[in-house]
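Encoded as structure tokens, the structure appears first; notes follow it.
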Amino acid sequence: MSELHEDKGYENAVVECLASVFRNEEAAAVASLDAFKMALAYLSPRSPTTLHQSWEIFRVMGRRRMMLDTQVMNLVLLGAVQASDLARAHRCLEYMARLQLQASPRTWVLILRLIQVEEIRRYILSMMHRRGLLDMPGMVTEMASSLADHDVYRAIQLKQNLETSVASQTALYGPRWLGHYSANKILQGYGRYGKLDDMYKIVNLMFASKTAKPSEVTFSTAMAHCRILGSLRWAIKFLRLFERHGQAIDDSSLREVFRLIYNRKRPIMLGMVWRYARLHKLTTYHMRWRVGSLVKGSLPSSPRGETTKEQKMARAKVKQLFCHIQGGLSEAEQQRLVQALFPQPVLSKGGVRHILRPAPEGRLAESKYAVDAETTAAVMDRILRGIEKLGEMVNAKEVPLSRLLLKAEVRDGALSKQAPLLLQLRKRGRSQRLRAKRISFRASRAKRVGSMPRSVRGRVTRSRMISAPGRKRMSQPGGRLGRRRMYSIRAKAKQPASGEGKTDVGEMPTD
């Protein structure tokens, strides 16, 4: 089959083979009713891509004048419902009426799924109630799941709380209306409107119910809506609720938690979730790719100091993770934190392909500004010790994930509070360095001036103490140096020239 259909997928190849078998008149002539049912059962749920093939097989059955029953018509109707093809569904129902086939509860459910208008759905539900179809086992929960979206919309529009809405649905459907599928649809509906508190109550109802126990779909739905709304507090509450009832977290739910924490820029919480996922083998491709890019951004440059374009993008992601505390942490400290939070990352396409070595201590002092290295190193060591303590809790499996996230959130808050302290230390170190530079400059200048002759020393010290723009400004006619120069010119002009104005006292002037 793979040789005949190399350019198509597996399902498309199977569909083409089924259609070609039933197109063959010799093969279709010996096919039984069960063979036709098996073919329709495979094709109808995969509609709308297989709608044409299923109707072709249905026409072959009509040409052979086979005995059609309600099960065959339900399979054909399922394909039309999956494709939302109202015209084909109407033709199928007309064919059932022509053959005088009795509609089964499955037929009513398919019609209810096809109709999207609430008034018509309510009318169909009342007809089923009059015929006694709602008394059949499992029918009430299926009807409630079909109308779950409309019930949630009605409750939101009428501003009903969850207790009132549940009471009204219990009065409408009966006491055992809440099923697993309907509860998940209601949970999804309240999540669309941002009602996380009502979602929490629905999950509690599901745990208390005997027919609607939460599953991995429930867990991932709750985590996805917490991520969309950016509520870390509600995500931890949902985690605690599921852990209390013994529900283990799966990889899709943990991925939603990871994405939420990454969007909220909580590096320590992100590192703990990553360690938890690695320990329980719940890492996904998205998590490995994200951590790989962060770790790649924490790698040192080449010996020549060159960085590739890919590494520059990775370093930009590291800065984005620490953007809320970027003023307090230098680039080297951010890289060291990343290496402490994500040790030995899992190999992936976008990840790192070797085990990282610890950063040298001398890199702590690398910064744009001068740093008080001892004090900053002490603060960083305290932060790293807290991270290692949390990592030991993860490895020892002492605390559940919700409590671990609460502890990591406290560490993230402490890191944000210590960022201004680090920034203040940098400013203090910068001022100390500038002061030391100024003192050394004055000492070197005094040393150079001391070796000059006394007649030149005063002029040099005065001119060098004034900056170049200041000397230019003071040299203007209104400036201090300009006035001094003007006074000296006037004094020279008033002095008589040599030999002029001198008279001999011994000689009397003659007429």
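Key figures
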{"quantity": "Kirkwood-based Rg to Rh ratio, the stretch 30-142, C-alpha trace", "calculated": "0.98"}
{"quantity": "Computed label-point distance, nm, for sites HIS90 and ASN263 using a 7 Å Cα→Cβ extension", "calculated": "4.3"}
{"quantity": "Label-to-label distance, nm, for residues given as HIS52 and GLU25 (7 Å Cα→Cβ offset)", "calculated": "2.3"}
{"quantity": "Per-peptide average of other Cβ atoms within 10 Å, ordering 292-299, 80-87 highest first", "calculated": "292-299, 80-87"}
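None of the figures in this text is laboratory data; all of them are computed from the coordinates on show. The structure presented is a predicted model; accordingly, all values stated were derived computationally and were not measured. Ideal geometry is used to build each Cβ from the backbone, glycine not excepted, and the neighbour counts take in all protein chains shown.
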